[in-house]
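The values are calculated or read from the model by the stated rules, or taken from the named source; none is laboratory data. Fair warning: this is a prediction, and the values are worked out from it, not measured in the lab. Cβ placement follows ideal geometry from the backbone for every residue including glycine, while neighbour counts extend to all protein chains displayed.
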Amino acid sequence: MITGKRCRMLPWGAAVVLFLTVFHSLPGFAGPEPGEAEVKAAFVFNFIKFVEWPSSAFQSPEDPILLTILGNDPIGAALASLDGKKVSGRRVVVRKVLSISGLERCHVLFVGASEKAALSTVLRAVQRWSVLTVADFEGFPGRGGTIGFVRQDDRVGFEINEGAARKVGLNVNAKLLYLGKTARLQQRGEK
């Protein structure tokens with residue numbers, strides 16, 4: 001059994017208050033109400049704001065935050081709109097790769113739903129980096145990922161595996177942990 005991992009979820013009301021204000025500053029999110037993909041992209045942008053990478057993750061203070069989208073996922077286009085945004089003085093650079101063979105060092109890895117079956121291989125491939133892994137499929141944090149989106153009724157939230165973050169040297173801000181939900185951590189061998 002995986003132990004020492006704390007996972008949490010953002011309640012919908014808090015999500016609206018905390019994250020929807022971001023839409024006005026992100027290109028492509030103009031309009032009366034953002035769709036689910038745009039909401040999730042705003043979450044990812046804010047995850048970046050509330051995670052601290054070790055200094056060794058960057059070669060210089062000017063290095064960008066590299067966000068890689070691996071595989072295919074419905075929110076990929078919304079994530080691409082984060083390209084060029086700034087977080088803590090660093091520019092976000094979004095890249096898309098279709099398979100694990102094209103994966104390069106990055107700071108944030110969004111694992112597309114198309115890669116769900118290969119998740120163990122994906123997580124092993126990036127374990128040597130300080131990378132925040134995010135996905136939009138059930139059970140992601142319980143299988144070793146850092147942050148996974150969850151949907152309950154008409155609400156979008158997220159779960160955080162704080163142990164997975166610590167294991168790769170990431171420091172997740174207590175505010176983000178507070179807003180999350182406890183995830184069920186899977187036992188080894190469970191799919």
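Collect the residues in the range 83-95 that are surrounded by fewer than 16 Cβ atoms within 10 Å (Cβ to Cβ) and not in a strand (DSSP E or B), keeping them in residue-number order. Break it down stepwise before answering.
Looking only at the range 83-95, we keep the residues that are surrounded by fewer than 16 Cβ atoms within 10 Å (Cβ to Cβ), and these are 83-84, 86, 88-89, 91, 95.
Asp83, Gly84, Ser88, Gly89 - these are the residues of the range 83-95 that are surrounded by fewer than 16 Cβ atoms within 10 Å (Cβ to Cβ) and not in a strand (DSSP E or B).
Taking the range 137-191, which residues are among the hydroxyl-bearing types (Ser, Thr, Tyr) and at pLDDT 95 or above? Before you say what the answer is, go through the steps one by one.
Within the range 137-191, the subset among the hydroxyl-bearing types (Ser, Thr, Tyr) is 146, 178, 182.
Passing the criteria: only Thr146.
Please give the number of the condition Ala78 fails out of (1) surrounded by fewer than 17 Cβ atoms within 10 Å (Cβ to Cβ); (2) in a helix (DSSP H, G or I); (3) within 15 Å of the chain's Cα centre (by Cα).
(1)
Can you find a residue in the range 62-73 that is of a type outside the set (Asp, Glu), at pLDDT below 95 and either assigned to a strand (DSSP E or B) or crowded, with 18+ Cβ neighbours inside 10 Å (or both)? Walk me through it before giving the result.
Of the range 62-73, the ones of a type outside the set (Asp, Glu) are 64-72.
Those still in the list that are at pLDDT below 95 too: 71-72.
This time we only want the ones that are either assigned to a strand (DSSP E or B) or crowded, with 18+ Cβ neighbours inside 10 Å (or both), so: 71.
The answer is yes; a qualifying residue exists.
In the range 112-139, how many are touching a strand residue (DSSP E or B) at 6+ places or on another chain (Cβ under 8 Å) and under 16 Å from Val51 (Cβ atoms)?
So the count comes out to 6.
Test Leu98 against the criterion of being out of contact with any Gly (no Cβ under 6 Å at 6 or more places or on another chain), surrounded by 15 or more Cβ atoms within 10 Å (Cβ to Cβ) and of a type outside the set (Lys, Arg), and give yes or no.
On the way: out of contact with any Gly (no Cβ under 6 Å at 6 or more places or on another chain): yes; surrounded by 15 or more Cβ atoms within 10 Å (Cβ to Cβ): no; of a type outside the set (Lys, Arg): yes.
Answer is no for this residue.
Go through the range 60-75 and count every residue that is farther than 21 Å from Val126 by Cα and under 13 Å from the mean Cα position of the chain (by Cα).
1
Using beta carbons and a limit of 6 Å, which pairs, at least six apart or on different chains, have the first residue in the range 64-77 and more than 10 Å from Lys40 (Cβ to Cβ) and the second one of a type in the set (S, T, N, Q) and surrounded by fewer than 16 Cβ atoms within 10 Å (Cβ to Cβ)?
Listed by first residue and then by second, the contacts come to Gly71/Ser114; Asn72/Ser114.
Taking into account only those residues within the range 41-61 that are assigned to a helix (DSSP H, G or I) and of a type outside the set (Gly, Ala, Ser), which is farthest from Lys86 (Cα to Cα)?
Of the range 41-61, the ones assigned to a helix (DSSP H, G or I) are 41-49, 55-57.
If we keep only those that are of a type outside the set (Gly, Ala, Ser) too, we end up with 43-49.
Working: Phe43: 15, Val44: 13, Phe45: 10, Asn46: 11, Phe47: 13, Ile48: 10, Lys49: 10 Å.
Among them, the one singled out is Phe43.
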